[in-house]
1. Across segment 450-503, what is the number of residues that are among the hydrophobic types (A, V, I, L, M, F, W, C), assigned to a loop (DSSP other than H, G, I, E, B) and more than 22 Å from Val394 (Cα to Cα)?
2. Residue by residue through segment 225-238, note down the ones that are at pLDDT 95 or above and not charged (D, E, K, R).
3. Can you give me the ranges of the helices (runs of 4 or more DSSP H) entirely in segment 1-98 with at least 1 residues that are of a type in the set (D, E, K, R) and either crowded, with 22+ Cβ neighbours inside 10 Å or in contact (Cβ under 8 Å) with a residue 60 or more places away in the chain (or both)?
4. Read through the list (1) closer than 21 Å to Glu322 by Cβ; (2) surrounded by fewer than 17 Cβ atoms within 10 Å (Cβ to Cβ), then give the number of the only condition that Leu479 fails.
5. Hey, could you check segment 368-396 for residues that are touching a helix residue (DSSP H, G or I) at 6+ places or on another chain (Cβ under 7 Å) and within 11 Å of the ligand (Cβ to nearest atom) and say which is nearest to Thr480 (Cα to Cα)?
6. Just the residues that are more than 9 Å from the ligand (Cβ to nearest atom) and under 25 Å from the mean Cα position of the chain (by Cα), please, taken from segment 424-459.
7. Inspect all residues belonging to segment 428-441 and state whether any of them is without any contact (Cβ under 8 Å) to a residue 12 or more places away in the chain and either touching a helix residue (DSSP H, G or I) at 6+ places or on another chain (Cβ under 8 Å) or under 19 Å from Val394 (Cα atoms) (or both).
8. Select, from Leu441, Leu457, Leu452, Leu433, the only residue that is in contact with a Lys or Arg (Cβ under 6 Å, 6 or more places away or on another chain) and either more than 26 Å from Ala385 (Cα to Cα) or buried (at least 17 other Cβ atoms within 10 Å of the Cβ) (or both).
Amino acid sequence: MNGATAVLESLGRAGVRVCFANPGTSELHLVAALDRTPHLRAVLCLFEGVAAGAADGYARMTGIPAVTLLHQGPGLAYGLANLHNAMRAASPVVNLIGDGASTHRGLGAPLESDVAALAGPVSRWVRTARNPEGAGADAVAAVAAATGPPGAVATLVVPADVAWSPGGRAARALPEEPAAPAPVGTVNAGRDSTILLGGPTLRARGLTAADRIARATGASLLAEAFPGRIERGVDVPPIERLSGNPVDARQRLAGCRHLVLAGAATPVMAFAEPGTAGELTPPGCTVERLDGDTTAALEELANRVAPHLRARPYKPPATPNEPVNRPLTAEGVAQVVAALLPQWAIVVDEANTSIVALPDGTARHDLLTNSGFAIGLGMPLAAGAALACPDRPVVCLEADGSAMYTPSALWTHAREGLDVTTIVLNNRAYAILRRERTRLLGQPGGSALFDLSGPDLDFVALATAMGVPGSRASTTGELTAQLKQALAEPGPHLIEATVPARY
Ligand SMILES: Cc1ncc(C[n+]2csc(CCOP(=O)(O)OP(=O)(O)O)c2C)c(N)n1
């Protein structure tokens, strides 16, 4: 067996099932090995940013790393923004990067590049396979490094001569070491405490435990502002998300004397502002962090402080009604989605200023947001989530500007027959930049650089070109009819919702 086969075989043994690929000549042996590995599904992405975002979406829904197969330094570089987002969401991702043969290094071949240097800032672990004998073990080590918890990006560089040379051996997966629950002996949860939940604690188990703690101790609960994945809707204890607006967030945390971080990072402003502290916690607030298995830690604490308090019997609030017919706005889109969302849907949110929170009475769903702020994540993330959960409908709420970074994700939606309904909220603007210019510079923001009209983007034509049926809605009635139809039919759809810019 050659090194390439050893790598792919070993990845399969370690539990990897999907490879999001955009290969080149230096990966041909890896592609041949992939074609011979039936339990590893190869998914073609037409841009590396799509492969990276899809691997992130797959990981968020399964906890298992998918593999990206990318072409040397430039291929990796195209994927970096969404790998950054995956890193911020603590998603396990394994990058398999083909490289020129080691014997070819230094000759100045066109694609010669420093792959490891490019991978470093987004990766917890980077290794270059040195020989076919060790390549299988390298692949298994990459999966172990990515898996966590918390998950991370791991990058294995495979030079072409390592891939094509004989002597490879498939390696066995390392036994998993269960994470120790965080020691909770000293956790200080009381009336002036806030527990900030993030990462895996935002699933039903963690939210239930946190809710019991809050009711027993009077501590207040918050979710991090941009969670990688949060379970929401009917039957899940609702939780307030920390605002992404620094003024609101600071105000919300003002009375907090003690902050417990359960899977969340210390809350900070996304961008510095002159003369303002970067941290959002008030002066004098003590911060305590739960490490290890944070969900188990919350459950242990709940059993200690609230032994007899069962999870609240969550009464489903009334299902939201379909709104009356009127010209579409961002609020109208949210109302229609909340009214029609199927049970167990996955909602991807990259609607930026056009998002309005879906109410708690909405069907039980998982919500995936952009933890890393590099836009162009939504449609790739939806592809990965849909592949991970073929029996769950995916609704992708996508702002027009963000959609244009990775539109070829739609082609992958079509090619793989993914059950993704993308709603593009077309406000013809980079509205958030207008809002921030007004807020920070005091100049109402009419820069031509924030205007996406002229020419107007035609997302119906774009979807059609990618093989995705498209339609346009400019009233709540039209959106309701089109969304009902899209959700009733399997496979991908795109609805362009024309909405006024809010800023
Ligand atoms: C990769 C990357 N490039 C640029 C930016 C800067 N940026 C932040 S928001 C934004 C525009 C967002 O516009 P759109 O997605 O249409 O949402 P809207 O603000 O209109 O709601 C830009 C360009 C970024 N965050 N990430």
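The values are calculated or read from the model by the stated rules, or taken from the named source; none is laboratory data. Since we're looking at a predicted model, the values are computed, not measured. Ideal geometry is used to build each Cβ from the backbone, glycine not excepted, and the neighbour counts take in all protein chains shown.
1. Of the residues in that region, 3 qualify.
2. Passing the criteria: Ala225, Phe226, Pro227, Gly228, Ile230.
3. On the way: elements: 3-13, 28-35, 48-62, 72-88.
Filter on segment 1-98 gives 3-13, 48-62, 72-88.
4. Of everything listed in (1) closer than 21 Å to Glu322 by Cβ; (2) surrounded by fewer than 17 Cβ atoms within 10 Å (Cβ to Cβ), Leu479 misses just condition (2).
5. Step one: of segment 368-396, the residues touching a helix residue (DSSP H, G or I) at 6+ places or on another chain (Cβ under 7 Å) are 368, 370-372, 374-385, 387-389, 393-396.
Then keep just the ones that are within 11 Å of the ligand (Cβ to nearest atom); that gives 370, 372, 374-378.
Numbers: Asn370: 26, Gly372: 31, Ala374: 30, Ile375: 27, Gly376: 26, Leu377: 25, Gly378: 22 Å.
Residue satisfying both the conditions and the ranking: Gly378.
6. Selection gives Val424, Phe459.
7. Scanning segment 428-441 turns up no residue that is without any contact (Cβ under 8 Å) to a residue 12 or more places away in the chain and either touching a helix residue (DSSP H, G or I) at 6+ places or on another chain (Cβ under 8 Å) or under 19 Å from Val394 (Cα atoms) (or both).
8. Result of the check over Leu441, Leu457, Leu452, Leu433: Leu452.
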